[in-house]
Each structure stands twice: as structure tokens, then as C-alpha cells.
Amino acid sequence: MSRHGRYDNPQWDSDPRHKKVIIDRRGTDSAYDPRRPRDSHPDSRPKPSPYAPNFKEAGQGRSQTFATIIKPEIPVPYVKNPQPYEGESLRDYRYYKSLHDRYDETNHKYKVLDPVHKSRKYTHEQREEAHGQGIALAKLAQRQAKEIAAARTGFDHKYPCAQPSLADKERHNGEVLKAMQNAKKYNEYEKIIEAKRTGWREKRLAGTLRKA
């Protein structure tokens, strides 16, 4: 017996039929020692963490410092991880998807209201109400678009290999840019509505003064 408590058999070790066994039918060259499969079999090894370096502690339920941002290494060939989404990754995925649903609802309400182009058809009271609602919706859409950008950016930073492929990862980050563009667009809409509201108020005041 060896000092580690295992029986050593030189004759057994020298037999090529016993020394290594290739078992992976998927074409890998992984080998394991049948006497100690828990130590060397690929299936017994811990799965790679889906978390980026800055989130390793968070994956264990502990807080993580971001004093130093560590860029994650993308494996070659690329492998989706986690697969499938579960637990925290599934919650994070569903969260940023829900933000899209909220933004789409606000965007639809704004288009139906159309506070810029329909304002000429309104009475003064209707116009004031439409402008007020339009500004509120524009502010809400800006915030929601920024939340989408932040959530998607955070998701990609936290799970750098979460997307099915590198192309999907690129599209995911493209949605971040699209969200920021939407936020900028609604910021412009807010300014336009505010300017129109001010203009209509000045016209009404001038008309009132002329009648007086």
C-alpha cells in the first residue's frame, strides 16, 4: 500500500489495456483512470461558471467589488453558458425582457396620442391635456429605454457567454445602442412638445390681449 492509502500494482499499470480508457463518444480525447474516476473523469469536474470575473462572488450569494473591472475571457470555440438559463440568470433574462414590454406599451400610447401632429385639431383645453400627456409619456419612454440599455449591458457583463452564439451576443449589444437611441429620440420629442405648448400658449395669450 502506498503512503496515500491506495494499493499500487506495477503489473496492472504496465498493461496498456488498463492504463487509460477512452470513454467519451462525442469525439473528445478525454481520458480517465478507472481506479480513480472521481478525480479525473471529465463529468466529475465542476462546470465552468457562467459569471464574469467581477461576478464570481455574486454567484455564491456574496457581494462583489468593482474596484477593478476584469475583462472576461471568451472561450474558443464559443460555448453558451449558462445553458439553459436557470435560477438567477433566468430571473435576470426575464427582467430585461419585461423592460422591453413596458417600453413597447409606452411607445404605443405615445403614437396613438400623437401630441405633435394632431394638436391643431384640438381645442385649447384638449391641446393642453395632449401636450401634458405627451411630455409625461416622452419622459417615461426615456427612462424605460435607459433601463433597457442598463439591464442588457449588465446582463452581458455578468454572463459574457449567455447568448447562443457570438452573432447573438453582437445583436444583444446592438439592442443596447438601439435603446440609447430611443432615449435620445424621446428626449427630442419632449423638447418639441414643450416648445409647441409654449407657442400655443403665447398665441392664445396674444389673442386674448387683442380682444381686450
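What to note about this one:
- Unique residue being at pLDDT below 95 and of a type in the set (Asp, Glu) when the list is Glu190, Glu129: Glu129
- Number of positions in region 83-136 that are within 21 Å of Leu205 (Cα to Cα) and assigned to a helix (DSSP H, G or I): 12
- Check on Leu166, out of contact with any Leu (no Cβ under 9 Å at 6 or more places or on another chain) and either under 19 Å from Ala145 (Cα atoms) or surrounded by fewer than 11 Cβ atoms within 10 Å (Cβ to Cβ) (or both): no
- The single condition among (1) surrounded by 18 or more Cβ atoms within 10 Å (Cβ to Cβ); (2) out of contact with any Ser or Thr (no Cβ under 7 Å at 6 or more places or on another chain); (3) at pLDDT 95 or above that Pro160 does not satisfy is (3).
The values are calculated or read from the model by the stated rules, or taken from the named source; none is laboratory data. Quick caveat, the model's predicted, so the values are computed rather than measured. Cβ sites come from the backbone with ideal geometry, for glycine too, and all protein chains shown count toward neighbours.
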